[in-house]
Every structure is written in C-alpha cells, then in structure tokens.
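Here the structure comes first, spelled out in structure tokens, and everything after it is commentary.
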Amino acid sequence: MITRGVILYGPPAAGKDSTDHALRERSVDYVHFARIKVGSGNEDAYRMVTKGALNELRLRRDVIWENRRYGAIYAVDRPGLAEALDSGIPVIHLGQPEAVEAVVTAFPEVRWTVVELWCPVDDAERRLKKRGDSALVQRMRMEAWHETPKLDAADVRVDTSLVFPEFVASMIDTKVRA
C-alpha cells in the first residue's frame, strides 16, 4: 500500500484552511496535520506545547522544520507526522519552500502531492478582514503574504479566487489517488 500525504503551500489567506476542510469533507481518509506551536495567539488547528517540550524534540532531532512568525514558533515534528501518516492522508499547511523540501526529504517513502494555493493580493486582504483579526495581525499576515515565494515545482497550482474549495479538493483528491 502506498503512503500518501498532501502539502498545502501558500501565503496567508490563499485558502489552505478552506481547502483542508473541503478535503476532509470529501473523504475521511484526509486528516488535518496540526503543527506544533509555541506562543500566544490563535490556537485552533495547532498542537500547543511549551518551549521545553519543543526543545526535547529538537534534542531528539525530531523537528523536521520550524519557523518563527507572529511572535510564535511553529514546527513540524517527525513523531506527529508519522502518527498522522499512520492514520490517513495527512494534510499539512506550509508557507516556506524550504519547509516543503524538509518534509518531503524527511519522509521520502511517502507519495506527497504538493499543492500551491494562491490568490491575488486584493482577495487576500478581503479574506483577512473577514477573519476579524486586529489591524496589526492583518498587517503582519499581509507582510507574510508578500514574503511567500512561488514554488519552483508543484503537482497542482490553483488560484483560489477563481474556484470553490470543493473544486480544489476534487482536483487534489484525483491527483492523490492517481
């Protein structure tokens, strides 16, 4: 049996959450991979841990990728991702090309479907305002949006301003199961 995973790559407000939700609505095979987070702010869809717990993972060399943004530390851990791979097709959200490479390299036996999601800046701004975040958080997310480069290679590329999340999920599911 082939082990599969989905990497949703893109800037803030590109549609990673909506696409993830649509994939999980489409099939129970898809499972959200909750990255580790150390810090304050939004706790939804993350596994909140202490700095000490993250340091233990680092000492065991179980941190595949970590980055700092919005005053917090985010990490992809080997044990957590291995568990997600055992329980279904994990859907992992990433925003740095190096993170994509790190995950793919850490689990070379997995058939990863890399999906680049994008939308025009006006759409990103509108989506961020709808989230109800403070002006400061919106500004920080727009900075991250501008700093997120396009990937050199992706299996699926989608401008999410042009299609519904359910259509994107259908495209991804077809690619994953091909």
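Scanning segment 8-25 for residues that are part of a helix (DSSP H, G or I) and of a type outside the set (G, A, S) returns K16, D17, T19, D20, H21, L23, R24, E25.
The residue that is nearest to T105 (Cα to Cα), counting only those in segment 26-80 that are of a type in the set (A, V, I, L, M), in contact with a Gly (Cβ under 8 Å, 6 or more places away or on another chain) and not in a strand (DSSP E or B), is A34. Figure legend. Inter-residue proximity from segment 69-91: first residues on the phi < 0 side of the Ramachandran plot, second residues in a helix (DSSP H, G or I) and among the acidic types (D, E), beta-carbon distance below 7 Å, spacing 6+ or different chains. Indicated pairs: V91/D20.
Contact annotation: residue pairs with Cβ atoms under 9 Å, 6 or more positions apart or on different chains, pairing a residue in segment 94-106 that is closer than 18 Å to P79 by Cα and touching a residue at least 40 places away in the same chain (Cβ under 8 Å) with a partner that is assigned to a helix (DSSP H, G or I) and of a type in the set (D, E, K, R), are L94/K16; A106/R78. Check off (1) small (G, A, S); (2) without any contact (Cβ under 8 Å) to a residue 60 or more places away in the chain; (3) in contact with a helix residue (DSSP H, G or I) (Cβ under 9 Å, 6 or more places away or on another chain); (4) assigned to a helix (DSSP H, G or I) for S161 and give me the number that stays unchecked. Only one criterion is unmet by S161, namely (4). Among the residues of segment 1-41, the ones that are among the β-branched types (V, I, T) and without any contact (Cβ under 8 Å) to a residue 24 or more places away in the chain come to 0 in all.
Among the criteria (1) of a type in the set (S, T, Y); (2) part of a helix (DSSP H, G or I); (3) under 21 Å from L94 (Cβ atoms), the one S170 does not fulfil is (3). If I ask for residues that are of a type in the set (S, T, Y), out of contact with any helix residue (DSSP H, G or I) (no Cβ under 8 Å at 6 or more places or on another chain) and either closer than 19 Å to L23 by Cβ or modelled with pLDDT under 95 (or both), which ones from segment 75-129 would you list? Scanning segment 75-129 gives a single hit, S87. Filtered by the rule that a residue be modelled with pLDDT of 95 or more and either among the aromatic types (F, W, Y) or within 19 Å of W65 (Cβ to Cβ) (or both), segment 4-16 gives G5, V6, I7, L8, Y9, G10, P11, A14, K16. Inside segment 101-136, residues that are in contact with a Lys or Arg (Cβ under 9 Å, 6 or more places away or on another chain) and assigned to a helix (DSSP H, G or I) make up a count of 4.
One residue is enough: does segment 52-63 have a residue meeting the conditions under 18 Å from L151 (Cβ atoms) and buried (at least 17 other Cβ atoms within 10 Å of the Cβ)? Within segment 52-63, none of the residues are under 18 Å from L151 (Cβ atoms) and buried (at least 17 other Cβ atoms within 10 Å of the Cβ). Remark: A84 falls outside the filter, which requires a residue to be part of a loop (DSSP other than H, G, I, E, B) and surrounded by 15 or more Cβ atoms within 10 Å (Cβ to Cβ).
The values are calculated or read from the model by the stated rules, or taken from the named source; none is laboratory data. Everything numeric here is computed off the predicted structure, so don't read it as measured data. Backbone-built Cβ (ideal geometry, glycine too); neighbour counts: all protein chains shown.
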